[in-house]
Amino acid sequence: MHCPFCQHTDTRVIDSRVSEDGATIRRRRECEACGERFSTLENIEIKLPAVIKSDGRRDTFDARKLRAGFDRALQKRPVSEEQIEAAVRAVIHAIRMSGEREIASRRIGEFVMNELRKLDHVGYVRFASVYRSFEDVADFREEIEKLERDLPPGAGQLSLLGGDVVPFDKHADKNKKR
């Protein structure tokens with residue numbers, strides 16, 4: 001590592017510390033020629049696969065676009081920044097683990113939908129409506145019914161008036177006696 005002060009080629013590491021998330025290492029260095037001290041950050045660099053768009057174009061992977069997609073789907077939803085960041089990391093991990101040099105944008109969309117399904121059902125349906133190009137209310141209804149079928153037994157939603165969990169019954173209004 002060259003000294004940023006005198007450009008000497010020999011510097012020695014005085015101290016190394018791993019960041020909280022474990023993704024970077026901060027190294028404190030000292031120049032052997034001029035004695036100045038400075039810090040460097042060391043990051044892991046893994047090249048992600050190229051993205052093949054639906055029209056056949058190839059583009060470099062951009063994590064900011066991925067994050068923007070999550071942000072749009074989860075806008076004004078009760079999902080924390082930490083949960084969104086974890087979902088973005090999970091999608092990037094899935095892309096890396098694919099081991100491919102190129103990956104279809106459709107496959108990335110499936111990874112995103114899988115993470116959104118775990119985080120927030122409204123965000124999932126929002127994303128699915130754009131991703132799958134819903135054209136009418138029937139498309140929304142079909143996706144919501146599929147989501148309801150996949151819910152684990154006993155899953156419910158929060159009551160609007162209190163904090164109790166109320167079982168979801170889509171036929172409740174039809175079954176009420178007047």
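The values are calculated or read from the model by the stated rules, or taken from the named source; none is laboratory data. Quick caveat, the model's predicted, so the values are computed rather than measured. Glycine also receives a Cβ, built like all others from the backbone with ideal geometry; neighbour counts cover every protein chain displayed.
Worth a mention:
- Applying the criterion of being closer than 30 Å to Met113 by Cβ and among the acidic types (Asp, Glu) to the residues of the stretch 21-72, the residue that is surrounded by the most Cβ atoms within 10 Å (Cβ to Cβ) is Asp71.
- Just one of (1) loosely packed, with under 13 Cβ neighbours inside 10 Å; (2) within 19 Å of Val125 (Cα to Cα) fails for Arg107. It is (1).
- Criterion (among the small types (Gly, Ala, Ser), over 27 Å from Ser129 (Cβ atoms) and in contact (Cβ under 8 Å) with a residue 12 or more places away in the chain) met by exactly one of Ser19, Ser39, Ser105: Ser39
- Residue match in the stretch 69-84 (condition: in a loop (DSSP other than H, G, I, E, B) and either of a type in the set (D, E, K, R) or not assigned by TED's automatic domain parsing to the domain that holds Gly123 (or both)): yes
- The residue that is farthest from the chain's Cα centre (by Cα), among those in the stretch 18-49 that are closer than 29 Å to Leu66 by Cβ and among the basic types (Lys, Arg), is Arg26.
- The single condition from (1) touching a residue at least 40 places away in the same chain (Cβ under 8 Å); (2) part of a strand (DSSP E or B) that Ile46 fails is (2).
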